[in-house]
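K.L.:
If you scroll down you'll find the structure; I have some questions about it.
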Amino acid sequence: MDWLDLGLTFVKTLAILLTVVNTVPIMSWVERRGAALIQDRPGPNRVGPLGLIQPIADFVKFIWKEDPTPANVSGVLYTIAPFLSLLPACLVLAALPVGDHLVVMGREVRMQIADLDVGLLYVLAISSLGIYGILFGGWASNNKFSLLGGLRSASQMISYEIPLAIAATGMVLFYGTLNLREIVLWQEGTLLGVLPRWGVVLQPFGFLLFLIAAFAETNRLPFDLPETEAELVAGYHTEYGSMKFATFMMAEYMNLTTISGMMVTLYFGGWHIPWIGDSQLLAWFGGSRNILGLFQFVVFFTKVTAFLFLFVWVRWTVPRFRFDQLMRLAWGRLIPLTLLNLVVSAVVLYLVEGR
Amino acid sequence: MEAFAPVGLLLAIALAMCAGILGLTTWLGPRRPSAAKLSTYECGAIPEGNARQPFRSRFYLIAVLFLLFDVEAVFFIPWALVYRESLAEGAGLLLAMLVYLGFVVLGLIYVIRKKCLELY
Amino acid sequence: MSPNEWMIAGMGIFVLVCAVAVIFSRSPIYGAFGLVLCFFGMAGLFLAWSSPFLAMIQVLISTGAVVVLFVFVVMLLNLGHGSGGGVAGWVTVLFASGGIWTLSLVLLRALNRSPFYPAPSGAQGAGGLRAFSKLLFTDYLWPFEVLSVFLLAVVVATYVVARPEAGNVARKENR
Amino acid sequence: MGAIGTGALYWTHYIAISLIALGLIGFLIRRNAVVVLMCLELMLQGVNLLFLEASVRTGTPDGILMVVLIITVGAAEAAVGLGIILNLFRLKGTVELDAFRSLQG
């Protein structure tokens, strides 16, 4: 690890982290405009053209606002709880493959923060840590509503983590590796000549289950019950003032981007375009790796934005689940279906490839 | 161990970012505490009693069942990794997993039949 | 010393400090938080011993499920504030720590003498995830099957132990 | 990862043994049942570390498999243990272990 490699890794980590951190204000703007579009009203258009400066105005407001710490609150856990949910949201990025590789100063730089050969297991493990921010946040604010909201939100997130893990394992059955970069490389080319070799083509039903579990993991509507205004006075972050509340929101939006990134990597072929292979693209770009890398970066993030808009679109069209419907859907429907999906793919693989 | 060096770097940068946010708010935010602001928020009603009534043990059951089924879900990962190569020597691994899965599904049926997840 | 040994030394001290924090935590919630940090240190130690699969299993199950269960129980039984439980009388403390200190010394001496610790061989790591999976499904297939029966028994046991409707069998008030 | 330096090989089992000792001390000293179970988990972690070191020294993956089994059984043990603590709380309204001295029900 000589100094140039260290410098390049540092720049690469900073670049990917800042890209995802910048999606948070953009996402809040897209969410407001998307909601306005769906409800046929203008949405934020006062601050700057089309309300584009609105997110920055929000950020400044959150920074300058007073941050009241209620009296009988256990100090240490109260202040670090929002950061306990922001840290895992940042750490999950490490395994996300954003592109193939660039050639910088004669060095081949992978467009991925860390090329782990247990990449998928790393993502599952770190995303299971987001629960602590909610639990400690709910508990430390010493408020009946936030305690119950914290418990319900945590039970929802843990119940939907199992189908998420089993659906992802269903895909590992075909890929045969946990390294996210190899998974994306496997998805290049075509299947039976016509369809692209993407995960969604191999297991469309598995993708649907992963999508539902992803909605629940990020507490997005229709799984929004624990933190709704109507039910529990904004659930676990009732007692949180300005910036700490914004940190919870930031963690949620970052989780949204990373889980969309995971869906793109596992099911929609990461940085590939359906029918055109990388070598073909390289020839078109006159053999320069960096332009190809940039192009792959753009392709990856357009797919992620498509998923982000799907999240916003569903949020304003689908009603909210009650808590027991939520639990019954997770334990009664989703887990058996993901197990079924696993068995069916195993049997199909045996019939196709077994002796 | 070398592959996880950038993860440590990312953790350091994320910690610096969190410290920056916390520092910025405590430095810039005004501090004018007043009794109304410091009491717990109960949609305006006066908060009475301790916030800690014991809740029913349904939440405990959910957490335990999550722990047990999470442990079972983890054992699918090594199986899924090795399954495709093992197809060359016949369906041994498939049968092994079907037996394992049978008991997992048995546990799931028990959980659903006993209605221990039907919350209020 | 190679960066690897720095990692082992650093993580080892971090784990021991968190273990002491768990033991002398004033309330169970801070004990659970200390346990989370301790398990993170353990995951770092597993990484330093170049087995990333174990580190991820540790983070996924131990930190992500077991300690969550501890926090759930502490929240459910509202043990959090101020009811730390404290430490037993100083006599027990003296005997406990003295006895265990000598026990660990004897254990260390035995361990250092056993053939298991010859001159330190340049260990080349214990093989990654694939070696583990092949071993699991060839030599250790039988324990793998028994494991699902065992977990089924635990599911039934926890339901019987924590049955919701048996809630007020012997509550303090109505006795 | 290449060969692990000779120095490190001596440290890890010191860390493991002291973890087991600390867990045992906490197990005996503390009064709160939940903290006692946490100390039990600490002892299991010490044992895991010893198994991992053994597997790395002998270069066979058996130790890693043993650690995964220990983590699984430890998780099941914590689940049932906390269930029993829940019932103790229902019975006596407190989790202090001193309240449960009488032998009859």
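K.L.:
Tell me, which helices (runs of 4 or more DSSP H) wholly within the range B:53-114 include 2 or more residues that are of a type in the set (Ser, Thr, Tyr), within 7 Å of chain C (Cβ to nearest Cβ) and more than 18 Å from the chain's Cα centre (by Cα)?
P.N.:
Ranges flagged: B:92-113.
K.L.:
Residue under question is C:PHE40, and the condition is that it be modelled with pLDDT under 90 and more than 7 Å from every other protein chain (Cβ to nearest Cβ); does it hold?
P.N.:
no
K.L.:
Taking the range A:167-203, which residues are outside any helix (DSSP H, G or I) and hydrophobic (A, V, I, L, M, F, W, C)?
P.N.:
Matches in the range A:167-203: A:LEU178, A:LEU191, A:LEU192, A:VAL194, A:LEU195, A:TRP198.
K.L.:
So, one more: Tally the residues that are aliphatic (A, V, I, L, M), assigned to a helix (DSSP H, G or I) and either surrounded by fewer than 24 Cβ atoms within 10 Å (Cβ to Cβ) or in contact (Cβ under 8 Å) with a residue 40 or more places away in the chain (or both), restricting the search to the range A:120-134.
P.N.:
5
K.L.:
Considering D:MET66, D:MET38, which residue is hydrophobic (A, V, I, L, M, F, W, C), more than 7 Å from chain C (Cβ to nearest Cβ) and within 15 Å of the chain's Cα centre (by Cα)?
P.N.:
Exactly one residue qualifies, and that residue is D:MET66.
K.L.:
Might you check whether a residue that is among the β-branched types (Val, Ile, Thr), crowded, with 19+ Cβ neighbours inside 10 Å, away from chain C (no Cβ under 11 Å) and not in a helix (DSSP H, G or I) occurs anywhere in the range A:52-69?
P.N.:
no
K.L.:
Check A:LEU342, A:LEU334 and return the single one that is in contact with a Pro (Cβ under 9 Å, 6 or more places away or on another chain), at pLDDT 85 or above, under 30 Å from B:LEU98 (Cβ atoms) and crowded, with 16+ Cβ neighbours inside 10 Å.
P.N.:
Of A:LEU342, A:LEU334, the one residue that is in contact with a Pro (Cβ under 9 Å, 6 or more places away or on another chain), at pLDDT 85 or above, under 30 Å from B:LEU98 (Cβ atoms) and crowded, with 16+ Cβ neighbours inside 10 Å is A:LEU334.
K.L.:
Another question, then. Please work out if A:LEU164 is buried (at least 23 other Cβ atoms within 10 Å of the Cβ), over 22 Å from the mean Cα position of the chain (by Cα), among the aliphatic types (A, V, I, L, M) and part of a helix (DSSP H, G or I).
P.N.:
no
K.L.:
Here is a follow-up. If I ask for residues that are without any contact (Cβ under 8 Å) to a residue 24 or more places away in the chain and crowded, with 20+ Cβ neighbours inside 10 Å, which ones from the range B:102-120 would you list?
P.N.:
B:PHE103
K.L.:
To continue, here is another question. Within the range C:78-93, can one find any residue that is at the interface with chain D (Cβ under 7 Å from one of its Cβ atoms), polar (S, T, N, Q) and surrounded by 24 or more Cβ atoms within 10 Å (Cβ to Cβ)?
P.N.:
No, every residue in the range C:78-93 fails to be at the interface with chain D (Cβ under 7 Å from one of its Cβ atoms), polar (S, T, N, Q) and surrounded by 24 or more Cβ atoms within 10 Å (Cβ to Cβ).
K.L.:
Select, from A:PRO42, A:PRO25, A:PRO49, the only residue that is touching a residue at least 12 places away in the same chain (Cβ under 8 Å) and more than 30 Å from C:SER2 (Cβ to Cβ).
P.N.:
None of the other options fit; the residue is A:PRO25.
K.L.:
Checking the conditions here, which among A:GLY106, A:GLY75 is away from chain C (no Cβ under 12 Å) and surrounded by fewer than 23 Cβ atoms within 10 Å (Cβ to Cβ)?
P.N.:
So the residue among A:GLY106, A:GLY75 that is away from chain C (no Cβ under 12 Å) and surrounded by fewer than 23 Cβ atoms within 10 Å (Cβ to Cβ) is A:GLY106.
K.L.:
A further question follows. Residues that are of a type outside the set (Lys, Arg), modelled with pLDDT under 85 and either in the same structural domain as C:ALA55 (by TED's automatic domain parsing) or not in a loop (DSSP other than H, G, I, E, B) (or both): does the range C:142-162 have at least one?
P.N.:
The answer is no, given that none of the residues of the range C:142-162 is of a type outside the set (Lys, Arg), modelled with pLDDT under 85 and either in the same structural domain as C:ALA55 (by TED's automatic domain parsing) or not in a loop (DSSP other than H, G, I, E, B) (or both).
K.L.:
Still on this structure: With the condition kept exactly as written, say whether any residue in the range A:113-129 is closer than 26 Å to B:GLY20 by Cα and more than 14 Å from chain C (Cβ to nearest Cβ).
P.N.:
Checked the range A:113-129: at least one residue is closer than 26 Å to B:GLY20 by Cα and more than 14 Å from chain C (Cβ to nearest Cβ).
K.L.:
If I ask for residues that are within 22 Å of the chain's Cα centre (by Cα) and buried (at least 17 other Cβ atoms within 10 Å of the Cβ), which ones from the range A:267-292 would you list?
P.N.:
A:TYR267, A:PHE268, A:GLY269, A:GLY270, A:TRP271, A:HIS272
The values are calculated or read from the model by the stated rules, or taken from the named source; none is laboratory data. Predicted, not measured: the structure shown is a model, and the values here were computed from it. Cβ: placed from backbone, ideal geometry, glycine included. Neighbour counts: every protein chain shown.
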